[in-house]
Amino acid sequence: MKLKKLFISGLVLLGFMFQGCEKGFDNLNTNRVDPVSLDPQFVMNKGIIDATYRDNFATLQLLCYDFGIVQQVITPFGSSLSGGNYNIFNPSNTTPIWVNFYQSVLKQVVYVIDKTKADQNKTNLYNEARIWKCYAFMILTDTYGDIPYNEAAKGFLEGISKPKYDKQELIYKDILKELDEASAALDASKPTSVGDILYGGNIVRWKKFGYSLLLRAAMRLTRIDPAAAQTYVKKAVAGGLMQSNADNSVMRHTSLYQNWIAVHLTAREKANFYLAKPFVDFLKNNNDPRLQSISVRHVGAKSGADQAAPRTTNDPTVQIGMPMGYDDVSIKNTFATYGTASLYDYSQVNLTTILKTDAPEYHLTYGQTQLLLAEAIVRGWTTGDADATYKLGIRAHMLQMAEYDIKAAIAADKIQAYVDANTLQAGKQLEQINNQYWVASFINGSETFANFRRSGFPALTKNPYPGSEIKGNFISRLPYPDSETITNQENLNSAIKNQGPNDLNSKVWWDSK
Amino acid sequence: MKKKLLFLSFFTLVCQFFVLAQTVTISGKVTGSNKDPLAGVNVQISESGQGTITDANGNYAIKASSNATLIFSYVGYLDKSIKLSGAKEVNVVMTNDPKSLQDVVVTALGIKKEAKRLGFATATVSGDAMSTNRTSNPMSTLQGKLSGVNISTMGTGPTGSTKIRIRGQSSFNSVNQPLIVVNGVPMDNTTYGLGGGIGARSGQVNSSDGGDGFSSINPDDIESITVLKGATASALYGSRAKDGVVMITTKKGSGKGIGIEYNANYTTDKALDFTDFQYEYGQGERGVRPTSAYPQSAVWSFGEKFQPGMRQVLFDGEDWPYAPVFNRYDKFYRKGTNLTNTVTLSNGNENGSFRLSMSNSENQGILSNNVFNKKTINLGFSQNINKALSVQGNVNYSNEYNKNPPQVNTQDMAIPTVIYTLANSMPFEAMQQNQLMPNGNEFVMARFLVRNNPYFSLNKRFENIKRDRLLGNISIKYQINKWLYAQGRVAQDYYARYQDYNIPNGYAPIPAAPTGFINGSYTQDLRRFRERNYDFLIGANKKISDFGVDLTLGGNQMYRSTEYNSVTVQDFVQPGLFTIMNGRAKDPLYSKSERGVNSLYGSAEFSYRTFLFLNVTARNDWFSTLAADARSILYPSVTGSFIFSEKFKMPSWINYGKLRAAYAEVGDDNVAPYSNALYFGVNNNLFPNPSGATVPVGGINTTLVPNPALRPLRVSESEVGLELKMFRSRVGLDLSYFYKITKDQILAAQISDASGFTNKLINIGESMNKGLEMQLTFSPIRTKNFSWDVNLNGAYNTSKVLKLGSSPSDTVISVGGGGGRTIKQVVGMPVGALYTFLFRRDAKGNQVFDKASGRPLRNDIPAYVGNILPKYFGGITNSFTIYGVQISSLIDFRLGAKMIAGSNMNALRHGLHKMTLNGRAEGFVIGKGVNQDGGVNTTKSDIQPFYETPNVLGVNEDFVFNSGFWKLRQLSVGYDFTKYLSSIKFIKGIKANLVANNVLILKKWTENMDPENVANISDNETGLDFWTPLPPTRTIGFNLNIKF
């Protein structure tokens, strides 16, 4: 009987358990590890960090297309590494920029903008985010042309899962407006945060970055819309551009946040990428002291395993760039000409300086800005001494070498000698300036690719690899990812209708004249 | 036994002549062969049809004429007829019917029911079917044995996870796994690794199959496995049972005194090689054989034609003969072995019983560093405390240690990938002798650095997975009076799973460490899983003349949590020491996920006489994961069965006939916790601002757009069935037809990357599944010394996607895939449509090649090439008994589906596929077709890029195959030696079996692979293959069972 009572009270107890059938469920369904909100400054930081790549494969678009098209870094190998080296379509290497900038950068930045736009204490962060958004969208639209812009990265905020594509013309017009407004609206007297990883909350520097980016965006339109270009160049100059390398916008990689181009070349693709001959020759022929900082060769190496001391040298006189137009077998026909032992014997990017695993990666530099400014002066869009500005640009990039590694630093006398030997010559200014821009933007893949298309310099010759699948001499844009044909086909089709076939040939708007 | 029966019947026959008829009261006790009283046994007077049933103690009393014949019948036992011939007390010992398992079914909540009362389809196999001819994951053994149940095992070694699908794939979600229930209590069956894991580290090199829940069970402990197929069967198990329930009942002791049993099982595994590669042209790239030191072409067979006496210089810088190396699998993989020893002790009396078993199982994989050891202790007991109160429980403890499970479905350290793609002239001695360079770094073989030396992977990489798991329940039952009982139960499934693994020092694909450190990495993970269930049940049954009512009311509270702690370190101070402390950069992780489901349910069963049954259930679930206003859902079921053979006079050849029908609804949350809101993550490591101060970094940490308004998914399923036993029960037929609608599906639809996210949780998918299941048993021959039994089961399943979005234009979503291989759901098509890019063709069907390069071109839009889910599957078991020797074979089949056998893509791009022989002699290929301008293609393409192109472009059309097969799955030969042992007193029985598993593929369509040999557990990757997993194995061995 006792047991019976015990049992019944047990049952009653069980019954109580069920009284609130959903009691505590809201609490149970709350993630207690991850927060539901975060200081937008930290989110902004993520949007900045992820604008340089965060894993191996994401760097393959730069390595296989951007660097190869502008003939700075090339691989002789095909299959998964094919792209600009053979002038063929390789869908897996045309998607990383798309995925990375929408998924990693814009997702965060668009959220920051949304979170801060109504907050009077966060106007500076709000405008910084607007500027960073323009930076990201320029890379996207320069690479692909018409892209989702107004409706992009709003999968959560507005529930848009199939964003419409906008014409590049509209995108650029909006970027110019945004950069102008946001740079002007930055206000050093308003609250700012030292938690900002780009400039530590230094609004003056942010402003200079904003206007320098405006200059870059304006100069993109030199051919298609010179009037607009001129207008915005003037605004950018008036607003105030970067004044020194201290103003550079840079991702300062660390041993924990590594430079993934470097990691990929140090590790998985160690023996597969080489400096291209046109780039090495340009530096060599002009006695450019940067060659010594950038390049390394393993003299006589016959295999990847041979690429080690004591063969290693950065002596500029023995550097040999890999000629364009060869694969891993046909390259053997070049050995006699250049006195190389194997494909492994050509020069490579120095992995202890400019591409060591914690080497900085630059978004936008004082050097680039001075060179663009020099071009604007030559074009008569602003006033100033074009030659002096041009030389400041070269000098800035040479000084930048020391920031990669002390081994890469260039002595002042060498800089001076080079600058003295390179003066703007009438009729050749644009070529000279943009050739230097090509060097000054080395490793900044999407910028070299864009400026090469815009300016037509350097005057590279067509990659002679037999079996090129492109119509012209150079790849003009990169195709949209295959995933868009699956997830956003209608909008994709209207973009293709506007811009031309989704291939390597169609030109983006600012390149279409 | 048979003799005894014969004698008995003869005796009764003789006696009846001598007895005069008069009405007397006959009484007695009915027991089972183990002396347990049997309650509810039907006692019927043959002549008059009147009858009674035995009480709880097995006693009965009936008035009958003194020369009447009494027929005793009880589910699970052979009928027994006894001629009274004057006796007033007739005690009967009933004998188990060997085919009885079909007659008593363990249904939801562990309630045993007579099969005839059920209005839905079930399938049952006995424990013997799992323990005699076994596989290391007990579930794999059931492949082909249960109608409508499709089981696949991953090609990942001894712990390979299994994928069980009952009645196809109802939701678009990646997991349509049935609920696993052990002794009435749910068991976690999470698969770790292979895309199905939880909390796995991204960016870390680890892709092993960490196994699933089944591996914790020792097949020797299994009494029976019952599969409840439809939603009806699971109405009382609630949401998680929407895809059916696999109910495992473990053995409990029986009341026959002390018993000891010993079982030994020993088998060997041999790797099966289905590759048919070219062995005419050897290692090399672009037609050139390696001749100078350190070539990096180890996985390319685009070299020169083999000629006698040719030499090659290999990655090790040494000179080797340039000759084909055949039988790569035999040269590399060893013979695997499995040894399981189980000892069981049991005891019992009228007040209770227990069974305790201990087992040790050691499985040496075909990879020489892979060992899986499992120790289990299983205790089952029941005890009557007094007349009304009883306690019973089951506890299963397992200690599992999986040492070096292979990396699969990837490249890094993935030995099967390297062995499959290895150049056809690579001597294994070269790789074995030269794993490390003098500086201790790995010797690189291939410019794809991640295709590393398999011996280096074997010797330098390690991984340990250890799991301690305690699974069990205790219930107390109180029989309040004759017709009312109450029961309370507490159950828990808890495990701690420890895992660690490294990237070795000197591994080539990772960067060198900063000065002063040595590269490599090490990860340590700990997962703790807990599922707790409290439930109560109140049951009442009453019989009023011909009507019976059986009421059950219950409630359940489920709580489940998973915690994950992990630390990875990169670069080390001390070489060769893989510890967290020794690492330079440390990266910690922690996550926790919790969910709860509360439920109340009730069922009422009404019966009329012994031939009409109606069962009605209702259940309400509350889900913690769903929106507050949508988290409660009530769903009903109604089932009925009609034993028409008991109501109507049947032709003599029909012994039993039953019609059944059912309708049920189920609701389910089917979504991960915290899918309702956007969460942020804070990066593990701070980042320096320009002045060097380190500041936090964080952001939105999901690629999935959350949905705060999620409602439960709903399944509604109808089924009808027919069961027949004919020709003195020598032929049995069970037919079912089901029709199932799954709506409001919660699915992560792929969305444009430009949205900032990759997927979005939507709540609108709707699909239909229907099918036919058949089980036919017949015994063509039954003689004294020879009998032949056939058991044939088959299922036909089909499905249709009905709705995918809120607007009619939402007709397609992509759910999985990559590399040009995609699984989509398309409105109007069956679930799981397979898509890939096709080669471009002109209007006349000519293939188009690029005019300049000669490479094939592709269409820009992927095309539909087939469906991934089999339409037909089943098995045929033939059992023979010849003079006591039992021979059994199982042939199973799966037909009517397509797959992309992407392993072939790797064979193609590496020059192993026979297709690549075309053009070798000439040194170039001219694709047959036209170029973009419409002219005949005359452009010569280099061989290697030509065959690499389909992979680069994602064109898989050449490798779309019928994924069907016919296999001779199992063979066994057994003999019971007990009769020769009558002189040895202490041995009660000896049985031995020779067994073979995965014996032979009778028919397949895929090239270079076994179509079953894939490693994708997700339903959204079914039919996709690319990196070949471990080869399938043929298992041969014996099973020995001794009873003391």
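The values are calculated or read from the model by the stated rules, or taken from the named source; none is laboratory data. Everything numeric in this text was worked out from a predicted model, so none of it was measured. Note that each Cβ is placed from the backbone with ideal geometry, even for glycine, and that neighbours are counted across all protein chains shown. Surface areas here come from the heavy atoms of the whole protein model, side chains and all, with no ligands, DNA or RNA. Shrake-Rupley method; radii C 1.70, N 1.55, O 1.52, S 1.80 Å.
Report summary: the helix-based calculation at 222 nm, which adds -39500 (n - 2.57) for every DSSP H run with n ≥ 4 and divides by the residues of the protein assembly as shown, gives -5500 deg cm²/dmol. Using a probe of 1.4 Å, the accessible surface attributed to B:Thr337 totals some 40 Å² when neighbouring protein chains are kept in position. Since only A:Gln432, A:Met322, B:Ala897 are under comparison, the one whose Cα sits farthest along the positive direction of the charge dipole of the protein assembly as shown, derived from C-beta charges on Lys, Arg, Asp and Glu, is B:Ala897. When the charge dipole of the range A:50-203 is built from unit charges on Cβ atoms (+1 for Lys and Arg, -1 for Asp and Glu) and taken about the Cα centre, the candidate among A:Tyr126, A:Ala153, A:Ser193 whose Cα reaches farthest toward its positive end is A:Ala153. Sorted largest first by accessible area at a 1.4 angstrom probe radius, with every protein chain in place, the residues B:Trp300, B:Trp788 fall in the order B:Trp788, B:Trp300.
Under 16 Å from a point 7 Å along the Cα-to-Cβ line of B:Ser632: which residues of the range B:712-731 have their amide N that close? Only B:712 pass the distance filter.
Taking Cα centre as origin and charging only the Cβ of basic (Lys, Arg, +1) and acidic (Asp, Glu, -1) residues, the dipole magnitude of the range B:634-698 rounds to 460 debye. Of the residues B:Leu722, B:Val450, A:Ala271, the one whose Cα sits farthest towards the positive end of the charge dipole of the protein assembly as shown is B:Leu722 (charges of +1 on Lys and Arg Cβ, -1 on Asp and Glu Cβ, taken about the Cα centre). Label sites at A:Thr312 and B:Phe547, each approximated as a point 7 angstrom past Cα along Cα to Cβ, lie 9.3 nm apart. On a per residue basis, the protein assembly as shown carries 37 Å² of accessible surface, using protein heavy atoms and a 1.4 Å probe. Between B and A, roughly 8300 Å² of accessible area is buried in total, ligands, DNA and RNA not counted and the probe set to 1.4 Å.
Multiplying the residue separation of B:Ser561 and B:Asp79 by 0.36 nm and subtracting their alpha-carbon distance yields 168.6 nm.
Taking all protein chains together and rolling a 1.4 Å probe, B:Asp493 ends up with roughly 0 Å² accessible.
Shown is the FRET efficiency for B:Arg334 and B:Ala677, computed with R0 = 41 Å from the Cβ-Cβ distance and rounded to the nearest 0.05: 0.20.
In the range A:320-353, the residues that give up 30 Å² or more of accessible area when the other protein chains are added, compared with the chain on its own (1.4 Å probe), are A:Asp328, A:Val329. Label-to-label distance for A:Lys117 and A:Gln416 is 5.4 nm, based on points extended 7 Å past Cα in the beta-carbon direction. Amide H contacts of B:Arg841: B:Val848, each under 5 Å away and 5 or more positions distant or on a separate chain (H built 1.01 Å from N in the peptide plane; Pro and chain starts excluded).
A straight line joining the Cα centroids of the range A:127-184 and the range B:155-173 runs 43 Å.
Going through the cross-link list A:Lys356/A:Lys414; A:Lys462/B:Lys844; B:Lys770/B:Lys844; A:Lys173/A:Lys277; A:Lys177/A:Lys277; B:Lys374/B:Lys770, which pairs have a Cα-Cα distance over 32 Å in this structure? The answer is A:Lys462/B:Lys844; B:Lys770/B:Lys844; A:Lys173/A:Lys277; A:Lys177/A:Lys277; B:Lys374/B:Lys770. The Cβ shell under 14 Å around B:Phe986 holds other residues with a net charge of +2, Lys and Arg each +1, Asp and Glu each -1. Can you pick out the pairs among B:Lys83/B:Lys649; B:Lys112/B:Lys403; B:Lys466/B:Lys1003; A:Lys164/B:Lys592; B:Lys784/B:Lys871 whose Cα atoms lie more than 29 Å from each other? Distance filter (> 29 Å) returns B:Lys112/B:Lys403; B:Lys466/B:Lys1003; A:Lys164/B:Lys592; B:Lys784/B:Lys871. Shielding of peptide A:35-44 by partners, expressed as the average count of other chain Cβ atoms within 10 Å per residue Cβ, is 5. Of the residues B:Asp550, B:Asp621, the one with the largest accessible area comes first in the ranking B:Asp550, B:Asp621, computed with a 1.4 Å probe on protein heavy atoms. If r is the Cβ-Cβ distance from B:Ala540 to B:Leu589 and R0 is 51 Å, what FRET efficiency results, to the nearest 0.05? Using R0 = 51 Å, I get an efficiency of 0.50.
Here the range B:430-586 is assigned +1 on the Cβ of each Lys and Arg and -1 on the Cβ of each Asp and Glu. Its dipole about the Cα centre then comes out at about 280 debye. For the pair B:Leu389 and B:Phe1044, label points projected 7 Å from Cα toward Cβ lie 3.6 nm apart.
Measuring between their Cα centroids, the range B:1000-1014 and the range B:799-834 lie 27 Å from each other. If R0 equals 51 Å, the separation of the Cβ atoms of B:Met829 and B:Lys985 corresponds to a calculated FRET efficiency of about 0.15. Taken one residue at a time, the phi angles of the range B:585-602 give Karplus couplings (6.51, -1.76, 1.60, θ = phi - 60°) of 9, 10, 9, x, 9, 8, 9, 9, 9, 10, 8, x, 9, 10, 9, 10, 8, x Hz. Gly and Pro are set to x.
The phi-based Karplus calculation (6.51 cos²θ - 1.76 cosθ + 1.60; θ = phi - 60°) puts the 3J(HN,Hα) values of the range B:259-270 at x, 10, 9, 10, 10, 10, 9, 9, 9, 10, 10, 10 Hz, whole numbers, x for Gly and Pro. Dipole size of the range A:52-189 about its Cα centre, with +1 on Lys/Arg Cβ and -1 on Asp/Glu Cβ: approximately 300 debye, rounded to the nearest 20.
For chain B, the relative contact order is 10 percent, taking Cα pairs closer than 8 Å that sit 6 or more residues apart in sequence and dividing their mean separation by the residue count. In percent, rounded to a whole number, the relative contact order of the range A:124-204 is 35, using alpha-carbon pairs under 8 Å and six or more apart. The distance linking the range B:331-383 with the range A:267-319 is 61 Å (Cα centroid to Cα centroid, whole angstrom).
A 1.4 Å probe over all protein chains sorts A:Ile320, B:Ile480 by accessible area into B:Ile480, A:Ile320, starting with the largest. Residue by residue, the range B:404-409 carries 3J(HN,Hα) couplings of 6, x, x, 6, 9, 6 Hz when phi is fed to the Karplus relation 6.51 cos²θ - 1.76 cosθ + 1.60 (θ = phi - 60°); x denotes Gly or Pro. Solvent-accessible area of B:Leu626, all protein chains in place: 10 Å² (probe radius 1.4 Å, heavy atoms, ligands and nucleic acids excluded).
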